[in-house]
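See below for the structure under consideration.
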Amino acid sequence: MQITARRLAIAMASLLLSLPLSAPAETALIIATASPAGVYHVVGRALCRAIDTPCRAQPSDGSSANLRALRRGELMFALAQSDIHQYAVQGIEGFREAGPDTSLRSIFSLHSEPFTLVVRRRTNIRGFEDLQHRSVNIGNPGSGQRSTMLRLMDARGWTRSDFRQVHDLPADQQSMELCHGNIDAMVYTVGHPNASVAQAIRLCDAEIVDVEGSFVDLMVNAFPYFTRASIPAGLYAPEQKEVHTFGVRATLVTTQETDPDLVYRLVASVFDDFPRFQSSHPALGELTPQMMIEDGLSAPLHEGALRYYRERGWLPAEALATPNAALGRRVDSAQAN
């Protein structure tokens, strides 16, 4: 059949209509965070604002879920508690079946995350010991708060049967359940100040109480990723006393397969304008580069991050990428000001 000029024009028009109107947008860099109500999500958004590339902070079920997604290759970057990160690296606790994940790499650590126990005042709960036979939210499966709570229960010698009721609510739902009287207490491993904790105190006549005892001492002494922690007096209410507890650190995590140049760019974007990053949330205000490349790292440093730290003179050229090594002592924190 002879192809006429008219048929050719129609064919060309159809082809043009089938093409996209513009080139597809560059795939966004995704940083998995946790509940939108927590500090992780604020930090994830701050990281995305820092780097000059399409980036999205993605809410998730928390640290354990993030680390499993990294292992499956579904993510390149995620935030995770230092203790949960350690469990994944070693293949212990909730990661026993999967085994050790030797591909995990640290980029830097972030804010301290005190283990926070929030209770309704009328319940007369004055400390962790008073939770026995109470209705308690221990956190959703996959969250860092749940994993830390289970470790604390184990140190105390408790099981779920020691509570009247156990709830598995995510962080963004627990404060309202406290307000409605459906739970007596909620736990949260989080940087402060936190909007969900503030909501519970403001609307539910709630308060934060100490988490202390010989079982806490045992945990802090046995595991290097746990440290003593406190929540300053007056942070949420004028009458609030200083709260004594323990905690972990938030960490930014990736895998060894992630492009070193991309990791380098992300690290540089944070530290080249460090005051701007710190201003994103009060929990970041006390950070220094030394703390971030030395404390709370449960996996070796990624080669892209290591390259930046060496270029700044924060690590010696021969430094290994091993976690928890005292290599960051040469960091001049004044450079961050």
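When the label point is put 7 Å from the Cα of D168 along its Cα-to-beta-carbon vector, which residues of region 68-92 have a backbone N closer than 13 Å?
Counting backbone N atoms under 13 Å from the label point, the list is empty.
Compare T258, T148, T33 in a GNM of the chain, Cα atoms joined below 10 Å, and give the one with the largest fluctuation.
T258
Only sites in a loop by DSSP and with at most 14 other Cβ atoms within 10 Å count here; which trypsin sites (Lys or Arg not before Pro) in region 146-180 make the cut?
Those that pass, being in a loop and sparsely packed, are R164.
As a test question: what accessible area, to the nearest 10 Å², does H133 have when a 1.4 Å probe is rolled over all protein chains in place?
So the heavy atoms of H133 present about 120 Å² to solvent.
Say we join alpha carbon atoms closer than 10 Å with springs in a Gaussian network model of the chain; which of L235, L252, L29 then has the biggest fluctuation?
Residue with maximal mean-square fluctuation among L235, L252, L29: L235.
If you count only protein heavy atoms and use a 1.4 Å probe, how large is the accessible surface of C204, to the nearest 10 Å²?
Accessible area, nearest 10 Å²: 10 Å².
Given contacts defined as C-alpha pairs under 8 Å and at least six residues apart, what's the relative contact order of region 82-135, whole-number percent?
It comes to 17 percent, rounded to a whole number.
May I ask for the percentage of alpha-carbon pairs in the chain that lie more than 28 Å from each other? Could the numbers behind the result be given before it?
On the way: 25273 of 56616 pairs.
I get 45 percent for the Cα pairs in the chain exceeding 28 Å.
In region 55-126, what trypsin sites (Lys or Arg not before Pro) fall in a loop by DSSP, with at most 10 other Cβ atoms inside 10 Å?
Taking region 55-126 and a limit of 10 other Cβ atoms within 10 Å, the loop trypsin sites (Lys or Arg not before Pro) found are R72.
Using the scaling law 2.2 N^0.38 Å as the reference, what is the normalised Cα Rg of region 141-250?
1.07
Which residues make up the longest stretch of the chain clear of GluC sites (Glu not before Pro) that lie in a DSSP loop with no more than 12 other Cβ atoms within 10 Å, not counting the sites?
In short, 98-238.
Count the net charge of all other residues whose Cβ sits under 15 Å from the Cβ of S298, scoring Lys and Arg as +1 and Asp and Glu as -1.
-2
May I ask you to evaluate 6.51 cos²θ - 1.76 cosθ + 1.60, the Karplus curve with θ = phi - 60°, for each residue of region 216-226 and list the ³J(HN,Hα) values in order in whole Hz, giving x for glycine and proline?
3J(HN,Hα) across region 216-226, in whole Hz: 5, 4, 4, 5, 5, 6, 8, 10, x, 7, 9.
On average, how much accessible surface per residue is there in region 84-208, in Å², for a 1.4 Å probe, leaving out ligands, DNA and RNA?
Accessible area per residue: 38 Å².
Quick one: pull the percent of accessible area on region 192-327 belonging to carbon and sulfur, 1.4 Å probe, ligands and nucleic acids left out.
Numbers: 3050 of 5940 Å².
Carbon with sulfur: 51 percent of the solvent-accessible area.
For a quick check: with amide H placed at 1.01 Å from N, whose amide H comes under 5 Å from T189's, ignoring anything fewer than 5 positions away on the same chain?
Amide H to amide H, under 5 Å and 5 or more residues apart or across chains, T189 pairs with T116, Q145.
Round to a whole number: what % of the accessible area of region 91-174 belongs to carbon and sulfur, probe 1.4 Å?
42
Taking the chain as a Gaussian network, where each spring joins two C-alpha atoms under 10 Å apart, which residue of S161, S35, S298 fluctuates the most?
Highest fluctuation of the listed residues: S161.
Could you please report the charge total around I31, scoring K, R as +1 and D, E as -1 over all other residues with beta-carbon less than 9 angstrom from its beta-carbon?
+2
Would you please give the residues with an amide H less than 5 Å from that of H111, counting only those at least 5 places away or on a separate chain, with H modeled from the backbone geometry?
It is A250, by chain and number.
From the backbone phi of region 255-272, what are the Karplus-calculated ³J(HN,Hα) couplings (6.51 cos²θ - 1.76 cosθ + 1.60, θ = phi - 60°) in whole Hz, Gly and Pro given as x?
10, 5, 7, 5, 3, x, 5, 5, 4, 4, 5, 5, 4, 4, 5, 6, 7, 6
The values are calculated or read from the model by the stated rules, or taken from the named source; none is laboratory data. In this text, all values refer to a predicted model and were calculated from it rather than measured experimentally. Counting neighbours? That spans all protein chains shown, and the Cβs are built from the backbone with ideal geometry, glycine included. These area figures cover heavy atoms from the full protein model, side chains too; ligands, DNA and RNA do not enter into them. Shrake-Rupley method; radii C 1.70, N 1.55, O 1.52, S 1.80 Å.
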